[in-house]
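Colleague: Structure incoming, see below.
Read-outs: derived from the displayed coordinates by stated rules, not from any lab. Since the model is a prediction, treat every value here as computed from it, not as a measurement. Cβ coordinates were reconstructed from backbone atoms using ideal geometry, including for glycine residues, and neighbour counts include every protein chain displayed.
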Amino acid sequence: MTVVVIYENHFYCINLQSHYHICFNVKKLSNIYIYLIPFILIIWLSSCLRQDNLSGEKVLICDAEKTTENNKQFIASNDSSYFFAGGQNQTSIDSYGGKYSVLTTPQEKAFAFGFKLNNPKADSYFKLSVWRKSKDGKGVLVIAAKDTKDYYQAIGEHSEKGENGWEKLEMEFFVPPLSSNKNNFTFYVWNNSSDTVYFDDFIIEKYNSKTYPKYTDEPLSINLDTSKYMKLYNKRRVALANGVLQTTDNDWVKGFVFGDGKIMKSKMRLKGDWLDHLKGDKWSFRIKMRKNYSWQRLRTFSVQTPLARNYLLEWTSHKYNGAKDILTTRYGFVPLYINNTNKGIYAWEEHFVKQLLESKNRREGPIVKFTEDAFWQTMRTIIKYEKYFYSPYFESSVIKPFSTSKTLESPTLKAQFLEAQKLMQQYKSCVFEAEDIFDLDKLAAYYAMLDLTHARHGMAWHNQRFYFNPVIQKLEPIAFDGYTEHSIPDLSIDGNFYHTVFAEEKIDAEKLMYYNLFKQKKFVDKYLGFLYEFSEEEFVDSLDRVLFNDIVYYDSLLRMEFSQYEYDINFFKKSAKAIRNYLPELEKEMETRLSEHNEFVIIEKNYLDTLVYENTPEFFVNAYLQKRVNDSALIDIQNYYSKEIIILGTARKDKQID
């Protein structure tokens with residue numbers, strides 16, 4: 001979904017699915033220009049010359065040197081049958097190559113090089129590039145579907161610097177399988193600055209598929225028959241239409257995995273929630289090996305594009321956590337092939353099964369989480385109706401174990417799960433002290449490590465995972481899913497989690513359970529101690545020395561595919577130094593907060609809006625078996641649905657009980 005907003009003298013065009021946005025200052029524009037900008041954009045896009053679909057593989061170059069007789073369009077320099085809008089903006093004042101370029105201004109002449117593409121084949125691959133010269137680094141390269149709700153992407157960060165202030169913008173684009181019958185797209189440049197911007201040498205490259213580097217490392221190969229592949233393909237289409245991926249047990253398909261010199265039976269499904277896991281042709285998968293098979297000693301694991309976890313940062317944060325015996329999933333990189341087609345480098349990550357615990361010298365015990373089905377149903381409906389509203393997704397979430405069948409079939413694991421469930425409910429309800437629920441040292445070390453690594457994406461309530469340690473009868477956090485594609489850490493005290501907790505005037509109810517930890521002195525004292533330890537120069541330097549060779553190696557693999565990616569090898573040193581600098585101030589703040597005993601203010605939410613329910617009460621109604629007496633059972637039903645419900649009967653495994 002793309003939203004156009006004018007706020008505080010700026011014009012914003014924001015895409016909620018991709019998170020891309022473009023803006024420019026309109027302070028000096030007249031009111032009529034301010035409110036005409038969206039309409040100018042629409043009219044200009046519709047004026048771009050209609051092209052037939054580019055058949056086969058093709059490269060088009062528009063160097064701004066040739067125009068039509070009426071000067072309204074540019075002519076492609078390597079194929080005179082193709083045209084680009086904006087010829088009237090041709091100028092000889094400046095250029096990157098040749099004699100001419102395009103001069104754009106922030107008002108009537110803000111757009112140029114418009115090329116309309118009609119009905120391209122779904123999943124075909126495009127590479128776009130253009131050279132830009134601007135005073136403030138603004139001016140963007142844009143791809144937009146006819147309906148921008150279907151697709152909108154803009155990029156303004158340069159990938160290369162040329163001479164005399166020229167910068168290169170590059171973008172890749174896979175045609176999404178949109179729901180409409182006619183998928184029309186427009187490629188263009190936009191001056192989102194308040195000053196003049198020049199563009200030159202606009203190039204469109206179209207290929208049937210993307211070519212990935214060939215790696216010497218042994219790849220992981222997935223093989224699926226056509227019907228199984230199409231089931232995954234259609235599931236992806238549904239997810240792209242809905243804005244989120246919602247998985248069910250029916251999504252699994254059978255296939256074969258080739259790796260470690262073996263052919264192994266497996267089953268797999270798509271994974272991920274947001275669409276960054278389904279972009280282009282690098283889809284994310286959850287893979288379960290069949291009995292007696294394993295890959296890299298993993299029975300259940302995921303593979304995903306490294307981009308979704310901020311490339312090498314995720315791997316490094318796992319190593320940092322492991323160095324302090326904080327539970328975390330095993331994580332690495334491997335070339336991936338699907339049906340003998342090279343898909344480039346992928347990140348692999350083990351799932352929450354007993355092998356995770358065995359590899360960390362823990363006794364087998366349940367790994368638990370909060371269910372998130374209602375949350376993703378809410379997100380889907382927000383996207384559908386283009387309206388944000390609240391729903392009781394957190395209140396209706398329940399605590400479940402991974403490997404549910406195995407856990408409930410084992411008397412020992414079932415008893416441990418019931419104890420873990422009780423602790424998780426106490427955590428959710430904020431009714432007990434942290435030391436009664438958690439291994440306090442592990443929990444404090446986990447939060448201190450989050451401040452060093454800034455790997456906080458896994459802190460969201462629906463991403464939290466805990467291991468029930470049967471020896472001490474308490475929970476341990478599991479660090480994973482620390483970063484997103486757009487993670488940009490703030491290394492100042494404003495980026496410290498403790499500081500941000502108390503900076504919020506009001507909080508969502510789902511944050512209270514982990515914000516409440518920072519009001520407990522025993523936890524805060526341990527957290528502060530670990531923060532001092534983890535920010536010491538020698539701690540970071542010693543780990544960097546151990547990891548250096550692997551970092552250099554994996555960085556080289558990633559850069560073969562992601563050429564614009566740069567890993568900051570000094571990131572953790574910078575973070576540790578920043579912590580050392582603000583620790584005295586933070587410690588004083590902690591003393592003050594602990595003495596004040598102030599309560600957090602919870603945001604009051606109105607759950608009367610029924611849009612989110614979408615006739616899906618199963619997400620918001622929970623039933624619990626309280627006890628059995630002979631042939632009778634006492635069932636506790638909790639209704640978070642907005643309306644009264646009628647109980648028609650009871651069922652077990654979808655079979656009604658008379």
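Colleague: With a cut-off of 8 Å between alpha carbons and a minimum separation of six or more residues, what is the relative contact order of the chain in percent?
Modeller: Values: 1230 pairs, mean separation 62.2, N = 658.
Once normalised by length, the contact order is 9 percent.
Colleague: Computed over the Cα atoms of the range 472-610, what is the ratio Rg over Rh, Rh following Kirkwood?
Modeller: Numbers: Rg = 19.0 Å, Rh = 18.3 Å.
Computed over Cα atoms, the ratio is 1.04.
Colleague: Another one. Within the chain, which whole H helices from DSSP have a Cα span along their axis of at least 30 Å and a mean Kyte-Doolittle hydropathy of 0.5 or more, if any? Walk me through the intermediate numbers first.
Modeller: Working: long enough: 537-561 (33 Å, -0.06); 571-596 (35 Å, -0.92).
Once both thresholds are applied, nothing remains.
Colleague: Using alpha-carbon pairs under 8 Å, 6+ residues apart, how would you state the relative contact order of the range 250-363 in percent? Mind dumping the intermediate values first?
Modeller: Numbers: 175 pairs, mean separation 21.4, N = 114.
Across the range 250-363, relative contact order equals 19 percent.
Colleague: Mind listing which GluC sites (Glu not before Pro) in the range 113-205 are in a DSSP loop and have 16 or fewer other Cβ atoms within 10 Å? Write down the numbers at each step before the final one.
Modeller: Details: sites: Glu157, Glu160, Glu163, Glu167, Glu170, Glu172, Glu205; in loops: Glu157, Glu163.
Within the range 113-205, the qualifying GluC sites (Glu not before Pro) (loop, at most 16 other Cβ atoms within 10 Å) are Glu157, Glu163.
Colleague: Among all the lysines, which ones have a C-alpha under 22 Å from Lys214's C-alpha, if same-chain residues fewer than 8 places away are not counted?
Modeller: Within reach: Lys127, Lys206, Lys262, Lys279, Lys282, Lys343.
Colleague: Using only the alpha-carbon atoms of the range 244-362, report the extent along each of the three principal axes, biggest first, to the nearest angstrom.
Modeller: Between the extreme Cα coordinates on each principal axis of the range 244-362 lie 39, 33, 29 Å.
Colleague: I've got another one for you. Over all pairs of distinct alpha carbons, what does the Kirkwood formula give as the hydrodynamic radius of the range 348-451, in Å? It would help to have the intermediate numbers written out before the result.
Modeller: Numbers: mean 1/r = 0.0619 Å⁻¹.
It is 16.2 Å.
Colleague: What does the charge add up to near Lys161, with Lys and Arg as +1, Asp and Glu as -1, over the other residues with Cβ less than 9 Å from its Cβ?
Modeller: On the way: positive: Lys168; negative: Glu160, Glu163, Glu167.
Net charge in that neighbourhood comes out at -2.
Colleague: Could you state, as a whole-number percent, how many of the C-alpha pairs of the range 532-658 are farther apart than 26 Å? Write out the running numbers ahead of the final one.
Modeller: Values: 5188 of 8001 pairs.
In whole percent, the long-distance tail amounts to 65.
Colleague: Still on this structure, I have one more. Would you compute, for the Cα atoms of the chain, the largest minus smallest coordinate along each principal axis and list the three values in descending order, in whole Å?
Modeller: 90, 62, 57
Colleague: What spacing in nm lies between the two simple spin-label points modelled at Tyr207 and Tyr565, each 7 Å away from Cα in the Cβ direction?
Modeller: In this crude spin-label approximation the distance works out to 1.7 nm.
Colleague: Give the span of the range 118-173's Cα atoms along each principal axis, as three whole-Å numbers ordered largest to smallest.
Modeller: On the principal axes, the range 118-173 reaches 39, 20, 15 Å in Cα extent.
Colleague: Could I ask something else about it? Between the range 131-208 and the range 465-497, how far is it from one alpha carbon centroid to the other, in angstrom?
Modeller: Using only Cα atoms to place each centre, the spacing works out to 36 Å.
Colleague: Return a whole-number percent for the relative contact order of the range 328-470, with Cα pairs under 8 Å and 6 or more residues apart as the contact set. Write out the running numbers ahead of the final one.
Modeller: Details: 147 pairs, mean separation 37.5, N = 143.
Result for the range 328-470 is 26 percent.
Colleague: Here is a further query. What is the sum of charges, Lys and Arg at +1 and Asp and Glu at -1, for the other residues whose Cβ falls under 13 Å from the Cβ of Glu585? Provide the component values of the computation, followed by the final result.
Modeller: Numbers: positive: Arg580, Lys588, Arg593; negative: Asp494, Glu587, Glu589, Glu591.
Counting the neighbours of Glu585, the net charge comes to -1.
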